[in-house]
Each structure stands twice: as structure tokens, then as C-alpha cells.
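Each remark here refers to the structure printed beneath this line.
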Amino acid sequence: MRKQLMKGNEAVLRGAILAGCRAFYSYPITPASEIGETAALLLPQVGGTFLQSESETAAVNMLYGAASTGIRCMTASSGPGISLMQEGISYLAGAELPCVIADITRGGPGLGNIAAEQSDYFQVVKGGGHGCYRTLVLAPDSVQEMCDLTMLAFDLADKYRNPVFVLADGFIGQMMEPVEFPERAILPAPPAWAVRGTAETRKNFITSIFLEPDALEHHVLKLHSKYEQAEREETRYEAVQTDDADVVLVGYGISARILKSVVQLGRAQGLRLGLLRPITLYPFPTEAIRSLAATASAFLTVELSTGQMIEDVRLAVEGRRPVEFYGRSGGNVPSAEDVLAVVRNIIKRCSVSEPEVAHV
Amino acid sequence: MSDFEVLHQKARSFYATFERKAELQHQTHYCPGCGHGITHKLIAQAIDELGIQDRTVLISPVGCSVFAYYYFDVGNIQVAHGRAPAAATAVKRSLPNSIVLSYQGDGDLAAIGTAEILHAANRGEPITVFFINNAIYGMTGGQVAPTTPLGSKTITSPFGRSVWNEGYPLHVSEVLASLEAPVYIERVALGNNKMIVRAGRAIKKAIENQINGLGFSFIEILSPCPTIWKMQPQDAQAWVRDELTKIYPLSIFRDKTLEAQRRPERAEAPALEKIPEILGCQSPRSVDNSICQSAAKDFRIKIAGFGGQGVLILGEILAEAGLDAGLQVSWLPSYGPEMRSGTSNCQVRIATQPIDSPLVNRPNVLMALNEPSLHKFLSAVEPGGWVLYNGENLPAGVARHDVNFIVRPFTALGDQLGDARAGNMIMLGALLKATSLIEEKWIDGAMRRLVKSERWLDLDRKALALGQEEAILK
């Protein structure tokens, strides 16, 4: 065992470099700043580029330029900065450019505050930019996963030629836990489509404009088929004691960590609780949740928001079982005891009547 | 005898046929008399003459020249409106040997993209920027631009551009010339053949600067837009020559071509095998799990105080020591403005079992370095838990009979030892003495890694020892 204690934000950047990231463009924002600070320190030492841009708008377009050259590149920000990047993310997806974006979510809307929330789900998972595109979204719940999923994000970005998000909340970014890094670094060769300023790549070009309706529809359908492939091949989740669970808790990031306490606490008190933790928020583990609707009596979604991911849980359950919500926002966090009280309430209600049949 | 050669062919850097449209593939999509066509030709000729076709990457903007990649047989990247200098920055930094040409119109560069062009210029990015100024929005159908002359009627300045509504025409070259970094800034015009030849020379020089490793070069090109101006091509050209040049005087605003220094080469990348070491990813520690104490433990520790009292480092030392001892650990700070002024707290878990949540809502150890922290967190402490408080006595009205208190003036004791800031480690010494939290040797190992100076390490060791003596139950 060779582990070291490190902040989630510091692990993200180290994972990125180990995965071959050699360009990082960002604008400071709490609670994501340590990622850029670590990049400023380390990237020049590995022959890479770090530049603090004039804005998030510039940062995401620098990412567009770097990605066009086929090198692995990344940015990191939080709520308001991600909002500013949305146009560029749409362009990146439209031009099929791979890159990794870390969102260490803070409180919103507007300036909100710098405490942790999970209120960027809609803008990251559903896409805040224009057009028919998706971003793949990975949701770490530990410092180890901040490293591991960032590395995976680069592979997925290249595989699908699409931006991939690492979506974590301020807690996961700021906390320290033991982390074990891979012993070897990799540096994949630039892909054949990249524009490299060479004779071999002279015919290559990067664009997201398709003026003719048929040409654009063809392009949009091509993107869509990539997303369908991702839905088939990339869905990841963690199931904790869900097999016999009466109530399935659903949460990601720091909420999932709290829900792991709730499962333990509840099981110790004789309640059959389980946890379904989506690791990929897009593609969402729809099938896994849908199949649990056959055995569980109810679902409880817990988020640091007023309820965003719950929409995907409800779409998965399709009305077969009640899907309840509990959340805090503004930087407040539910305790395991708070959640357990909500669970008891649900059990009381669900045990008096059979689960309702969905109205079709 | 002539000193020029007549060529009946396009520049080699142009494609033989233009696939922008199904028909008329020998023509561009630009209107007759448009300055883009002329500028494209001047750029393509320069690329040919300089022999850089393979190395060239053209960044095309949003606007009439969005389709530049249909014409230039070079590497092409089409980018978002206004952001060409940002994308060009990253292309050049990724590919230092490429020749990056960034091409923008006046809506793109002088309106929506002002931040990007200003900062790219100010950083002295070694790229070449061509700025087509035709004083109007062309592609969107003739709206007022930041460069539109005063009094000009456009579809969004139907009463004429007004100082009071749209302000004065923006002189981009002059603005950029106020910066130190740019190497070469010139405004040229496509007002007649002589001017066009002059423009061609400026364009070529701006590219040569990049080939020579010099910094930022910028060419503003006053350019006709006969369609939107509602003029015949020859009248539009004359208007550029006679009117536009009055508002935008032709000039070399900056030429440091001879004295500018080449940019330093980037340091060579280290071997891939070296990277984990550079990242500090090789842990100094190799932990033997067998040393882990057999007794189950689950310490949920809340440490709180004023910023500057060493709250976060105290937690970090505990977590590091726990990891060394083969235990499961987590450390979670309060962050942001709280860290920079006012109160600070962190939550540490040290346990024999894997840690579910790093959040500590029900601590079994509270280390309160000031009174507000005691008031805030005391009620949450689990019965039977430990409360360490920094004071002579508990504040009036504070009472709990189901927890263990250690109340000492830790800060004052630190002051006596040599520095009030050592109070945190005295408190830690007291905690170690009173509980089975962790063996002192692990704390010492963590301190050696985390405490930066020998003086402080010495002081902290004394503080830890003093704390063990001071661990008096109250």
C-alpha cells in the first residue's frame, strides 16, 4: 500500500498529467482554484502549458484551440465559470473535440456562495449550451476517484471525440483523503484528425458549421449515435446492498458518502436500505434503477440542491414506485440522522399501502 | 525589361476548386468587390512566397470569412465568434513550430472579441492577426459596428451613428499600440492598387515576424463592402481610399521587428518515466497494515478556532499520522473567506473501518481553540466524547455533564513556550495523553513532513510534550 494524503483538487490535476494532459487553461474561482494552482506549478515541469486566461470564455476557447491540435487538454471551474463556458462547450461538442472539464460545484444561482452544492447537475448533465449535444459526466465521491475518473475522462473524451465532465462538489474538491496514483504516466500520440501544422495534417480541418440542412442533420445524427453508443458502453454505478433493499437511496458525490452512513445506520436498526450511486451521470444508470423498481418499495433521492438529478431517477422508475426527494442547499448538508428520519417517514407511508400503479 | 513575372494561376495555397457551393467552384462566396477576396489572395501569396503552406494553421472567425477553410489549402480551424485570438493562443502554444494566422472581421474582433484580442496582444502571443475593418456587420445584413463612422445610417442605427448612442468609432490599432508587447502593428487599406500592394507587403512582414520567432503582429485592413454599403465596387474602393482612411489613418503604429527578441524556447519535456516523481506521486511512505492497533476506533474530530491559530494544520497532522499508522483517514476544511479572516474549522476522521462520510456532524472530539467555536459545536458532541477548550475556565453558562472537558489556556501556554501559535500543538499533546487516539511517534513523523522549519519543529515537539503534562481533567 503506497498512499498519500491529498486534496481532491490536487489529485484531479495529477491524474490528468499522468493521463497525458499537457495543456491547462483556466480562470480562478473558489472552490476549484487549487486545480489551476497545481497546474501552474506542475505543467511547466512536464513540458506542458498552463495559462491563466482573461476569462472563462477565453479559457474554453483556448481549450478548443488546444484540442484542435490533438493534445490532451483540460480546464476547471465552478458554477458561474461553467455558465460562461457553455457556448464554448457546445462548439467543442459540435466540432467533436475531446477535452476534460472539471466542475467543482459551489452555491448558486448568481453569485450564490462558495460553499458546496450539487446545483450544477442541470447545466452540466443536460448541457447548458445550444444544440443537440451531450457531454459525458463522471461523478467522483472520493479523492481516489478524483484521480481515477479524471484519467478515465481523458480516455472517454478521445474515444467519443467529445468533452467529458468531472462533476464534483466543493467537499470532494477540498477534502483530503489517501490516494494511490498509478506508477506509470502515459502520453498518447495525437489522433489522425488533428490539425498539427504539418504536411500530413494539412487537409484536416475543425469546424462546427454545416450550412445545408441535410448536412447538419447528418452531423447531428452522427453525434447522436455516439451518445447512444456511450449509453450502451459507458454507464457506471455503485450498488450498495440494493438486492434486498426496501428503500433505495440515490445520490452522487458527497451525498453518496452521507448515504453510505445512512445505509449502515439504517441496517443497524433493522431497516433494509440500499444505495445506488451513479458514477456516470450521463449516461445515467437508468436500467439499474429501473430493475430495482421491481424489488424496492420506494426511492429516495438526496442532493445538495432543491432536486435536479431526481428527474432522471423518476424517468428511470417511470412511475412504478414513489420517488421521494430530500436535499439541502446554500452549503448546508444533511446529516445521516436527518436522512434516516426522512426514510422512516417514507417506510411508514409505503407500508400502509401497496405501491401505486403508474397512471399511463 | 520587366522586373516582374506575370502568373496566370492562383496561389498554390488556395485549393484548385472551391467546394463551398455545388456550382461555380472557381469562385469564392464573397460578393464582387469585397475586401475579403483581395485579402485572401494577399495572404495566400505570402504563404507561397514564404514556403510555409504545410506549417500554416488558419483560424477562421464567425462572419463573412467563416468559410475561409474552403479556400486555403492549409490546416484550418473554425472557431466561435470573437474568440479567434484565444484559440490561436492555444494552437501556437501547443504547436510552437506552426505558423498561426488568426483572421477576424470588425464585429468579431472589435465588438464581441475585445477581451481576447487585447489579452492575446498584451501577452505578446507570437501569432499573426489579420483584422478586416469594413465598418459594418456584413454577414448579419448591415448592422452598426464599433467601427462604423459617425452619422452612418445602418439597419440598427437608422438615424445615423450617434456619439450619444453608440459612441465614437473604435480605433483598434491605436488601442493595441498602447501595449508594450506587440512587435508590429500596421493599418493598411484596399483603396487602390498601390494601397493593395502596400497591404500585401505588410501582410507578408507580419507572417515573417512569426517565422522569425518574434511576438505579436497585427495588420488592420480597411476593406470595402460594396453590397452592404450599397455601392458599386469601384465606388466602394474609392470610399475606402477617400473617406475611411480619414477616420482610420494609415500608419505603422509599432515596428519592433529589428530589436524584438526571439521568444525563449520551451524547456524540453522530461522522460515519461520521470513524471510520477515530478508530480510527487511517489509516496514517501510504505505502510504496514499489521501495525494497526487491533482495538476498533472511530474518532470523529472537529477542530475550530480563529484563522491563524493553526486549525487546519492541526487536522492535517492528525490525518497524516493516522495514515502512517495504517488507519483510515479523512480531512475536510471549511474554505474560502472563512479561511482568510474570521473563523476556521476542519473535520477529521480517523478510524479502523473504511470511512463512509468525511463530514463530522456528531464529533466525539471537539478541539475548540476559541469561545465562539465552543458555543457553536459543544451541543453536537457525542455523550462520552472529549472537549478540549482553550481558556482558563469554561465560559459562564457553558455546561455539559456527559462529556470530558480539558480546559487549559493553551494559547497563553504557547506564548510562554515561545510562540502563542504553538497552542494548537499543546492542545494536541493533551488530547494524545487523554485518549487512545494515536501513538505519538506517528504524530512526530507527520510533523517532520508537514512543519516547514526546524525552529517550528522544535517548538512543536516541546509543545506536544507540554500538552501531555497539561492534560488535566476538569
When (1) acidic (Asp, Glu); (2) at the interface with chain B (Cβ under 10 Å from one of its Cβ atoms); (3) part of a loop (DSSP other than H, G, I, E, B) are applied to A:GLU96, the one that fails is (2)
So which of A:SER90, A:SER78 ends up being among the polar types (S, T, N, Q), touching a strand residue (DSSP E or B) at 6+ places or on another chain (Cβ under 9 Å) and assigned by TED's automatic domain parsing to the domain that holds A:LYS159? A:SER78
Run down A:ARG272, A:ARG290 and say which single residue is under 18 Å from A:GLU231 (Cα atoms), of a type outside the set (S, T, N, Q) and open to solvent by 20 Å² or more (accessible area, probe 1.4 Å). A:ARG290
Members of the stretch A:51-86 found to be facing chain B (nearest Cβ under 10 Å), touching a residue at least 12 places away in the same chain (Cβ under 8 Å) and closer than 14 Å to B:SER94 by Cα, listed by number: A:LEU51, A:ASN61, A:MET62, A:LEU63, A:TYR64, A:ALA66, A:ALA67, A:SER68, A:THR69, A:GLY70, A:ILE71, A:CYS73
With criteria (1) open to solvent by 60 Å² or more (accessible area, probe 1.4 Å); (2) within 14 Å of chain B (Cβ to nearest Cβ); (3) assigned to a loop (DSSP other than H, G, I, E, B); (4) without any contact (Cβ under 8 Å) to a residue 60 or more places away in the chain, A:ARG196 comes up short on (4)
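If you take the residues of the stretch B:159-189 that are of a type in the set (S, T, N, Q) and closer than 24 Å to B:GLN261 by Cβ, which of them is surrounded by the fewest Cβ atoms within 10 Å (Cβ to Cβ)?
First pass over the stretch B:159-189, keeping only residues of a type in the set (S, T, N, Q): B:162, B:165, B:173, B:178.
Imposing the further condition that a residue be closer than 24 Å to B:GLN261 by Cβ reduces the set to B:173, B:178.
Values: B:SER173: 22, B:SER178: 11.
Among those that are of a type in the set (S, T, N, Q) and closer than 24 Å to B:GLN261 by Cβ, it is B:SER178.
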All but one of (1) among the polar types (S, T, N, Q); (2) under 28 Å from B:LYS441 (Cα atoms); (3) buried (at least 22 other Cβ atoms within 10 Å of the Cβ); (4) out of contact with any helix residue (DSSP H, G or I) (no Cβ under 6 Å at 6 or more places or on another chain) hold for B:SER357; which doesn't? (4)
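Does B:THR156 satisfy the condition of being over 28 Å from the mean Cα position of the chain (by Cα), modelled with pLDDT of 95 or more, of a type outside the set (Gly, Ala, Ser) and open to solvent by less than 10 Å² (accessible area, probe 1.4 Å)?
Details: over 28 Å from the mean Cα position of the chain (by Cα): yes; modelled with pLDDT of 95 or more: yes; of a type outside the set (Gly, Ala, Ser): yes; open to solvent by less than 10 Å² (accessible area, probe 1.4 Å): no.
So B:THR156 fails the test.
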When both residues are 6+ apart or on different chains and their Cβ atoms are under 8 Å apart, which pairs have a first residue that lies in the stretch B:162-179 and is modelled with pLDDT of 95 or more and among the aliphatic types (A, V, I, L, M), and a second that is part of a loop (DSSP other than H, G, I, E, B) and surrounded by fewer than 16 Cβ atoms within 10 Å (Cβ to Cβ)? B:VAL163/B:LEU150
What pairs come up if the first residue lies in the stretch B:219-237 and is in the same structural domain as B:ALA121 (by TED's automatic domain parsing) and open to solvent by 20 Å² or more (accessible area, probe 1.4 Å), the second is at pLDDT 95 or above and part of a strand (DSSP E or B), and their beta carbons are under 9 Å apart, counting only those six or more places apart or on different chains? B:ILE228/B:THR154
In the stretch B:55-89, what count of residues is obtained for those that are more than 7 Å from chain A (Cβ to nearest Cβ) and touching a His at 6+ places or on another chain (Cβ under 9 Å)? 11
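Here is a check on your reading of the model: is A:GLU238 within 13 Å of chain B (Cβ to nearest Cβ), within 16 Å of the chain's Cα centre (by Cα) and open to solvent by 20 Å² or more (accessible area, probe 1.4 Å)?
On the way: within 13 Å of chain B (Cβ to nearest Cβ): yes; within 16 Å of the chain's Cα centre (by Cα): yes; open to solvent by 20 Å² or more (accessible area, probe 1.4 Å): yes.
Yes: the conditions hold for A:GLU238.
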Give the residues of the stretch B:109-143 that are more than 26 Å from B:VAL240 (Cβ to Cβ), facing chain A (nearest Cβ under 10 Å) and open to solvent by 10 Å² or more (accessible area, probe 1.4 Å), sorted by residue number. B:ALA115, B:HIS119, B:ASN122, B:ARG123
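In this structure, is B:ALA44 crowded, with 19+ Cβ neighbours inside 10 Å, of a type in the set (A, V, I, L, M, F, W, C), part of a helix (DSSP H, G or I) and within 12 Å of another protein chain (Cβ to nearest Cβ)? Break it down stepwise before answering.
Details: crowded, with 19+ Cβ neighbours inside 10 Å: yes; of a type in the set (A, V, I, L, M, F, W, C): yes; part of a helix (DSSP H, G or I): yes; within 12 Å of another protein chain (Cβ to nearest Cβ): no.
Taking the combined requirement at face value, the residue does not satisfy it.
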The stretch A:140-185, residues that are assigned to a strand (DSSP E or B) and facing chain B (nearest Cβ under 8 Å): A:MET176, A:GLU177, A:PRO178
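Among the residues of the stretch B:341-384, count how many are assigned to a strand (DSSP E or B), farther than 13 Å from A:SER335 by Cβ and within 35 Å of the chain's Cα centre (by Cα). Outline the logic, then answer.
Here is the first cut: in the stretch B:341-384, the ones assigned to a strand (DSSP E or B) are B:343-351, B:365-368.
Of the ones still in play, those that are also farther than 13 Å from A:SER335 by Cβ are B:343-346, B:348-351, B:365-368.
Now drop any that are not within 35 Å of the chain's Cα centre (by Cα), which leaves B:343-346, B:348-349.
Residues that pass the stated criteria total 6.
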Considering each of A:GLY20, A:GLY47 in turn, give the residue that is more than 8 Å from chain B (Cβ to nearest Cβ) and farther than 30 Å from A:LEU211 by Cβ. A:GLY20
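Among residues belonging to the stretch A:246-283 that are assigned to a loop (DSSP other than H, G, I, E, B) and within 14 Å of chain B (Cβ to nearest Cβ), point out the one that is farthest from A:PHE165 (Cα to Cα). Can you show your working first?
Of the stretch A:246-283, the ones assigned to a loop (DSSP other than H, G, I, E, B) are A:246, A:251-252, A:269-272, A:279, A:283.
From the residues that got through so far, the ones that are within 14 Å of chain B (Cβ to nearest Cβ) too are A:251-252.
Details: A:GLY251: 18, A:TYR252: 14 Å.
Going through the qualifying residues, I end up with A:GLY251.
The values are calculated or read from the model by the stated rules, or taken from the named source; none is laboratory data. Computed from a predicted model, the values in this text were never measured in an experiment. Note: ideal-geometry Cβ built from the backbone for every residue, glycine included; neighbour counts use all protein chains shown. All accessible areas refer to the heavy atoms of the entire protein, side chains included, with ligands and DNA or RNA removed. Shrake-Rupley method; radii C 1.70, N 1.55, O 1.52, S 1.80 Å.
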